[in-house]
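Trainee: Supplied in structure tokens, the structure appears directly below.
Every number in this text was worked out from the coordinates using simple rules, so none of it is lab data. This structure is a prediction, so every number in the text was calculated from the model and none was measured.
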Amino acid sequence: MSPIRSALAVLALASVASSASLAADLTRLPVEKREVGLFTVVNATFDSVTDIATAPASSQDFEKVALGDALPGGLNSATVRLPPGDCVRDVRVTFRDGRSQVFPAVDVCRTHGLRLATHPV
């Protein structure tokens with residue numbers, strides 16, 4: 001076998017071995033919480049929002065988001081920092097009268113906001 005062919009064979013084997021070990025390493029990586037960042041809530045309802053919380057999708061482990069003052073209705077908005085976590089989350093919004101609404105499976109990595117609106121009865 002010529003020196004060039006043997007060198008190419010060694011490189012091909014090394015490439016296959018390294019890609020196999022890389023694939024094995026990727027499957028062993030732990031699922032880490034992601035830092036999502038800022039999220040905007042637009043309140044187009046008639047009531048003030050007093051609390052916002054997120055939880056992993058289909059979970060009841062809601063974690064409050066620092067909202068500060070109540071977010072008045074009437075097309076006002078607030079930008080909040082979401083805690084690290086999964087991309088797909090349930091978002092719970094609590095209004096001044098104590099009523100809560102859960103928005104299931106919001107992809108906060110792809111969508112950077114939520115618009116709350118009134119629905120006709």
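Trainee: Enumerate the amide H contacts of Gly113 below 5 Å, restricted to partners 5 or more residues apart or on another chain; note that Pro and chain-start residues carry no placed amide H.
Mentor: Thr40
Trainee: Enumerate the amide H contacts of Thr45 below 5 Å, restricted to partners 5 or more residues apart or on another chain; note that Pro and chain-start residues carry no placed amide H.
Mentor: Under 5 Å from the amide H of Thr45: Gly74, Leu75.
Trainee: Under the classification rounded if a/c is under 1.5, otherwise prolate if a/b is larger than b/c and oblate if not, where does the range 37-117 fall, given a ≥ b ≥ c as square roots of the Cα gyration tensor eigenvalues? Don't skip to the answer; put the middle values down first.
Mentor: Numbers: a/c = 1.75, a/b = 1.45, b/c = 1.20.
Prolate, since a/c reaches 1.5 and a/b exceeds b/c.
Trainee: Please list, ordered by chain and number, the residues whose modelled amide H lies under 5 Å from the amide H of Val36; skip anything fewer than 5 residues away on the same chain.
Mentor: Gly85
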